[in-house]
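These notes concern the structure reproduced below.
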Amino acid sequence: MTRDNADLTDELEIPEIVDVPEDLEDLALGDDYALNPEYVELVIDAADRGDDDRLRELVGALRSEDVADLMGFLTADYREQVIPQLDSETLGEVLSELDTNLREEVLEGVPSDTLARALEEMDSDDAVDLVEDLEDEKREQVLAAMDQTDRDAIESALKYDDETAGRLMQREVLAAPSFWTVGQTIDHVRAAGDDLPELFFDIYVVDPAYKPTGAVPVSRLLRAQRAQPLAEIMEAVTEIDVAMDQEEVAYIFDKYHLISAPVVDPGGRLVGQITVDDIVGVIQEESEEDILALAGVSDAGRDATIWGIARSRLPWLAVNTVTAAIAASVIGLFQAEIAKLLTLAILMPIVASLGGNAGAQALAVAVRALASRELNASNAARVVWRELGVGVINGLALALLMSVAVFIFFRDPMLCLTVAMALVINLFIASMAGILVPLTLDHLGRDPAVSSSVFVTFLTDFMGFLSFLGLAALILL
C-alpha cells in the first residue's frame, strides 16, 4: 500500500533550501558597508548543518575586514568552524583586523602550525602585533614552527617596548644608495618581487653606513628619467627614533602630513619604516582610550562578560561615591535653612547640574587640546583666562534666564538674586576646574583623561551646593 507525497512530507524533515543570490558580497553588505543580519544567519545556518563547502563559499565572498567583523557576531563555537575555511594569507589578515579581546580568544583556538603559516604571510609589524597577544607557551610553539628569517624578525621586534615605534614599524623597507639611477632602482624593484614590502610609498636613500639621507616618493621615481641619479630627486625625511612612543609618532605624522617615515636605531641606521595605515590605527586607538577614560570605563567588546564589564567600571564609581558623599555633606550643614525654605531643595539640584555640564564642556576641550598638543605651557595662561571668561559670560546669561523663571514661579526677588549669584559663582568654578584639573594632572605626568571627570564633578557639585545654600543663608534667612 502506498502513501501520497503530502503524508511523506509530514513525516520526514526535509531541509529548507535557501535561495541565495549569486552576488554574495551584495547580500552580505548593506549600503553602509555593515554586515546584513540575513547574511550572518546564512553563515550560522551553514555551520549548524556542518556544510563546510557552503561555509567556505559564504566566507570567501567577503574581504578580510568583513570576515573580521563577522567573527564579532558569531559565538566561539561558530568561530571555530569558520577559521578552518580560511587560507593562511586570509587568516593572517583577519586576525590582524580583530578587536584585541576577541583576537586573544581566537588565537588560542588556532593550531600553532596554522598560525605560524599565517604569520609568515604577514608584514612583520602585523605579525608582531599578533604574537605579543599569545600566551608564553603558545608563543614559543608558534615561533618554533616559523621560518628562521621570519622568526628572527619577530623576536627582534619584541625586544622593543610596547607602544613604541620599534613595535609599530615593519622591518621590510626598500632602500637604495644615492648613486643609483632611477632606472637601476626600478629594475631592482621589479626583480625583488615578493621580497619587497607589501605596501610602500618611498624609496629610502642611504649612505654606506645605512643611514637614511633622503627619500624618493614612488610617484616622483616613476616620473623621472631613467638616467637620473636618486641623489638629484630625493627629498628630506623625518626620521623616527625606534624608542619613540607611538602617540608621539602619530603626532609627527599628523603635523608633517607624512605617508611614511624611516625608523632608525640609536646609531642612526635604518631598521624599518612606519606607514600611514599603521598610524590611522594608533590615532583611533588613542582616541577611543581617551573617550572611554573620560567616562571612567574600559572598552567592552562584543564578547565581554557581565562580570568583566562591572569589574572595570566599579573602581571609579566607588571613588565617585566618596566624592559625591563629600559634596552632599554640604547639604547637611544647611538642614535648618532647607527646612525653613523648601524652595531651596527644588532649585539646588539645578544649580549643581548646570555647573557640572559647564565643567564637562571645559574638560572635554582641555583634554582634546592636550592630546593634540594644542595646549602647553606656552599658551596655558591664555587658555585658562579664556575658559574663565566663558564661564563668567555663560554664568551671567544663565543667571538672567533662571532669575526670570524663578520670579515667574515663586515671585521672590531675593530668591532670584540668590540663584543668579550662585549660578555665576558655580559656572566660574566649573570652568576653572574643567581647565585646571587636566592641566595639573598632565603636569604631574598623569593621564588627564583618566580621572579628571571625577574631580571636576566633585568640585562643581561641592561648590554648587555650598554657593547656593551659603548665599541663601545670608540673603533669605
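Coordinate-derived values only; no laboratory data. Everything quoted here is computed from the prediction, not taken from an experiment. In this analysis, Cβ positions are derived from the backbone assuming ideal geometry, glycine residues included, and neighbour counts consider all displayed protein chains.
Quick notes on this structure:
- Put simply, the amide H of residue 180, placed in the peptide plane, has neighbours under 5 Å in 230, leaving out anything fewer than 5 places away on its chain.
- Fewest-first sequence of 329, 178 by Cβ atoms within 10 Å of each Cβ: 329, 178
- Value of Rg/Rh across segment 162-247 [Cα atoms, Kirkwood radius]: 1.00
- Annotation: the residues 251, 204, 210, 33, sorted from fewest to most other C-beta atoms within 10 Å of their own C-beta, follow the order 33, 210, 251, 204.
- Of all beta bridges that DSSP places with both ends in the chain, some 75 percent have antiparallel geometry.
- Its Cα centre serving as origin, segment 18-168 has a Cβ charge dipole (Lys and Arg +1, Asp and Glu -1) of approximately 400 debye.
- In percent, rounded to a whole number, the relative contact order of the chain is 10, using alpha-carbon pairs under 8 Å and six or more apart.
- With θ taken as phi - 60° and the Karplus curve 6.51 cos²θ - 1.76 cosθ + 1.60 applied, the whole-hertz 3J(HN,Hα) list for segment 77-90 is 5, 5, 4, 5, 7, 7, 3, x, 7, 9, 6, 4, 5, 5 Hz, x standing for glycine and proline.
- Remark: 431, 219, 156 ranked as 219, 156, 431, counting other beta-carbon atoms within 10 Å and listing the fewest first.
- Modelled FRET efficiency - R0 56 Å, residue 404 with residue 378, Cβ distances, 0.05 increments: 0.85
- Semi-axes of the equivalent ellipsoid of the chain are 54, 38, 20 Å, computed as sqrt(5λ) over the eigenvalues of the C-alpha gyration tensor in descending order.
- A full extension of the chain between residue 31 and residue 447 corresponds to an added length of 145.9 nm, given 0.36 nm per residue minus the alpha carbon distance.
- The label-point distance for residue 326 and residue 88, in a model that sets each label 7 Å from Cα toward Cβ, rounds to 5.9 nm.
- Simple Cβ-charge dipole of the chain, Lys/Arg +1 and Asp/Glu -1, about Cα centre, in debye nearest 20: 4360
- Remark on residue 29: its backbone amide H falls under 5 Å from those of 36, a criterion applied only to residues 5 or more positions apart or on other chains, H modelled at 1.01 Å from N.
- Computed [θ] at 222 nm, helices only, for the chain once each DSSP H run of length n ≥ 4 contributes -39500 (n - 2.57): -21000 deg cm²/dmol
- The 3J(HN,Hα) values that the Karplus relation (6.51, -1.76, 1.60; θ = phi - 60°) gives for segment 398-412 are, in residue order, 5, 4, 5, 4, 5, 4, 4, 5, 5, 5, 4, 8, 10, 6, 10 Hz. Gly and Pro appear as x.
- Residue 213 long-range amide H proximity, modeled H, under 5 Å: 205, 206, 207
- Estimated dipole of segment 175-293 in Debye, rounded to 20 [Cβ of Lys and Arg +1, of Asp and Glu -1, Cα centre]: 1040
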